[in-house]
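For reference, the structure is listed below as structure tokens.
The values are calculated or read from the model by the stated rules, or taken from the named source; none is laboratory data. All values reported here derive from a predicted model rather than from experimental measurement. Glycine also receives a Cβ, built like all others from the backbone with ideal geometry; neighbour counts cover every protein chain displayed. Only protein heavy atoms, including side chains, enter the accessible area calculation; ligands, DNA and RNA are left aside. Shrake-Rupley method; radii C 1.70, N 1.55, O 1.52, S 1.80 Å.
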Amino acid sequence: MIDRELYFRIERLFAEYCAALDEGELEAWPGFFVEDGLYQMIARENHAHGYPIPLLLLDSQGMMKDRVYSLRNANIYQAHRYRHAQSGIRITGRDADGLRVSSSYIVVQTLNDGVSNIYQAGSYYDLLVETAAGLRFKERTCVYDTSRIATLLATPV
């Protein structure tokens, strides 16, 4: 039986997460994670074969905040916007560690010239936990299908 309220809360968390990234509110991004939260991006083939070789791995809110600071103050990259489309949200497990949830995503990137391209497609595999602030990511693993990332991986997906 589907817990509609829980599903709605998951959907809202994902919608707020994507909206923060799409609207350039990067400082809000670490707040979607617990203090010792994990964010990683890993190629589909590495994930499928169990190779723990992510393209990017941040294992605390502090590392995420540092990444945002770096993006705002140190990195040089072409200005761009992301637009996320997320679908197929499934609750795949529930135990004392939290909720296991998977979904699909597509990120469209628009550069300064106004041209939009599919930047990345893949799956999110999440572990969500209940906090005083509501559901938060304990883990977010972005498994990307796109074998070539066209431009610098600057902004989280």
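Which residues, taken from the range 126-155, are closer than 22 Å to G88 by Cα, β-branched (V, I, T) and at pLDDT 95 or above?
Hits for the range 126-155 are V129, T141, V143.
What pairs come up if the first residue lies in the range 58-73 and is within 18 Å of Y17 (Cα to Cα), the second is not aliphatic (A, V, I, L, M), and their beta carbons are under 6 Å apart, counting only those six or more places apart or on different chains?
What qualifies is L58/Y39; S60/D36; Q61/P30; Q61/F33; Q61/E35; M64/P30; K65/P30; V68/E27.
So, of the residues in the range 79-91 that are of a type in the set (A, V, I, L, M) and under 26 Å from V129 (Cβ atoms), which turns out to be most open to solvent (accessible area, probe 1.4 Å)?
I91
For the range 103-126, what are the residues that are within 18 Å of E16 (Cα to Cα) and open to solvent by 10 Å² or more (accessible area, probe 1.4 Å)?
Once the filter is applied, which keeps residues that are within 18 Å of E16 (Cα to Cα) and open to solvent by 10 Å² or more (accessible area, probe 1.4 Å), the range 103-126 yields S104, I106, V108, S123, Y125.
Looking for whichever is open to solvent by 40 Å² or more (accessible area, probe 1.4 Å) and in contact (Cβ under 8 Å) with a residue 12 or more places away in the chain here; the options are R4, R100, R94, R12. Which one fits?
Only one candidate qualifies: R100.
Could you list, in sequence order, the residues of the range 58-67 that are surrounded by 13 or more Cβ atoms within 10 Å (Cβ to Cβ) and at pLDDT 95 or above?
Selection gives L58, D59, S60, Q61, M63, M64, K65, D66.
Quick one: in the range 16-57, of everything that is hydrophobic (A, V, I, L, M, F, W, C), in contact (Cβ under 8 Å) with a residue 12 or more places away in the chain and loosely packed, with under 15 Cβ neighbours inside 10 Å, which residue is farthest from T131 (Cα to Cα)? Walk me through it before giving the result.
Taking the range 16-57 first, the residues hydrophobic (A, V, I, L, M, F, W, C) are 18-21, 26, 28-29, 32-34, 38, 41-43, 48, 53, 55-57.
Next, from what is left, pick out any that are in contact (Cβ under 8 Å) with a residue 12 or more places away in the chain: 18, 20-21, 26, 29, 32-34, 38, 41-43, 55-57.
Narrowing further to those that are loosely packed, with under 15 Cβ neighbours inside 10 Å: 55-57.
On the way: L55: 28, L56: 25, L57: 23 Å.
Per the criteria, the residue is L55.
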